[in-house]
Amino acid sequence: MMTLPRLHALPAAGMLDRPGFPEQCRPLLATGRPVALHLRDRSLSLAVLVPLAQETGRLTPSGVRLFAHGRADLAVVAGTAGLQLRLTDLSPGALRDSFRPLWNGWIGVSVHSLAEARQALQEGADYLLLGNIFETPTHPGRPAGGVGLVRDASRLGLPVIAIGGITPDNAGAVRDAGAYGVAAIRALWQAPDPAAAAAALLALFPEAA
């Protein structure tokens, strides 16, 4: 497998099927370091997602790593670098056994508590997408887990990608708590300069070994 990127870019709801999405990704991904771009929209068909994945991969810099979000079929057909699951999806171990040797990428699980992180570990996750760490309008009313949650989950031994209210101003705190990397929505796509925002977040994390 390729090295797991330190920065994960998750599009906001409805972004994928807007005209020009692959072009919109160009500045965000032109950091000179690998960035995971999550194709996140379970409502879109495979007939829509596969050409979108192909076009995005063709138009964006070579450092982009496409991650299928909740769609194992897309991961296999488009050959994405990773697959992001919920705990309610088929377990990472079961999916890995089903698709080997057709596909062998990163499988992450989205979790919101230490108990869920432990469950994802037991079910064979390669990494955790953990959040929300800070309060965020993306999930209004959902309590923030805080950097303590990052610290506790990181001790389980899996790479932790922190998400939820992440900005260049607070990403250093989650790094210091043990996060392998961060994921962002608003801090990237709504930034006045997406390329600068991505570079600022990546600068807080060392190059992957």
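A residue that is over 30 Å from ALA47 (Cβ atoms) and of a type in the set (Lys, Arg) occurs nowhere in the range 95-112. Considering LEU49, LEU59, the condition of being modelled with pLDDT under 95 and of a type in the set (A, V, I, L, M) is satisfied by LEU59 alone. Considering only the range 88-115, state which residues are among the charged types (D, E, K, R) and either surrounded by fewer than 13 Cβ atoms within 10 Å (Cβ to Cβ) or under 17 Å from the mean Cα position of the chain (by Cα) (or both). ASP89, ASP97, ARG100 - these are the residues of the range 88-115 that are among the charged types (D, E, K, R) and either surrounded by fewer than 13 Cβ atoms within 10 Å (Cβ to Cβ) or under 17 Å from the mean Cα position of the chain (by Cα) (or both). Scanning the range 61-85 for residues that are surrounded by fewer than 21 Cβ atoms within 10 Å (Cβ to Cβ) and not hydrophobic (A, V, I, L, M, F, W, C) yields PRO61, SER62, GLY63, GLY70, ASP73, GLY79.
Picking from PHE67, PHE21, which residue would you name as being aromatic (Phe, Trp, Tyr) and touching a strand residue (DSSP E or B) at 6+ places or on another chain (Cβ under 9 Å)?
Values: PHE21 fails: touching a strand residue (DSSP E or B) at 6+ places or on another chain (Cβ under 9 Å).
Just a single option satisfies the conditions, and that option is PHE67.
In the range 76-98, the residues that are over 11 Å from LEU39 (Cβ atoms) form Cβ pairs under 7 Å with partners that are among the β-branched types (Val, Ile, Thr) and crowded, with 20+ Cβ neighbours inside 10 Å, at six or more places apart or across chains, as follows: LEU85/ILE107; LEU85/VAL109; LEU87/VAL109; LEU87/VAL111; PRO92/ILE107; PRO92/VAL109; LEU95/ILE107; ARG96/ILE107. Among the residues of the range 172-196, those identified as of a type outside the set (Val, Ile, Thr), under 16 Å from the mean Cα position of the chain (by Cα) and under 18 Å from PRO137 (Cβ atoms) are ALA183, ALA184, ARG186, ALA187, LEU188, TRP189. Just for the range 63-87: of the residues that are in a strand (DSSP E or B) and among the basic types (Lys, Arg), which one is nearest to the chain's Cα centre (by Cα)? Across the range 63-87, the extreme among qualifying residues is ARG65. Selection within the range 151-209: residues that are in contact with a strand residue (DSSP E or B) (Cβ under 7 Å, 6 or more places away or on another chain) and β-branched (Val, Ile, Thr). The member of this set that is farthest from ALA117 (Cα to Cα) is ILE166.
Scanning for something more than 22 Å from GLU116 (Cβ to Cβ), modelled with pLDDT under 95, buried (at least 20 other Cβ atoms within 10 Å of the Cβ) and touching a Gly at 6+ places or on another chain (Cβ under 8 Å), does the range 11-24 turn up at least one residue? Scanning the range 11-24, I find no residue that is more than 22 Å from GLU116 (Cβ to Cβ), modelled with pLDDT under 95, buried (at least 20 other Cβ atoms within 10 Å of the Cβ) and touching a Gly at 6+ places or on another chain (Cβ under 8 Å), so the answer is no. For beta carbons closer than 6 Å, sequence separation of 6+ or different chains, a first residue in the range 120-145 that is closer than 20 Å to LEU7 by Cα and in contact (Cβ under 8 Å) with a residue 40 or more places away in the chain and a second that is of a type in the set (Ser, Thr, Tyr) and surrounded by 15 or more Cβ atoms within 10 Å (Cβ to Cβ), the qualifying pairs are LEU129/SER110.
The values are calculated or read from the model by the stated rules, or taken from the named source; none is laboratory data. Keep in mind it's a predicted model, so treat the numbers as computed, not measured. All Cβ positions, even for glycine, are placed from backbone atoms using ideal geometry, and neighbour counts span all protein chains on display.
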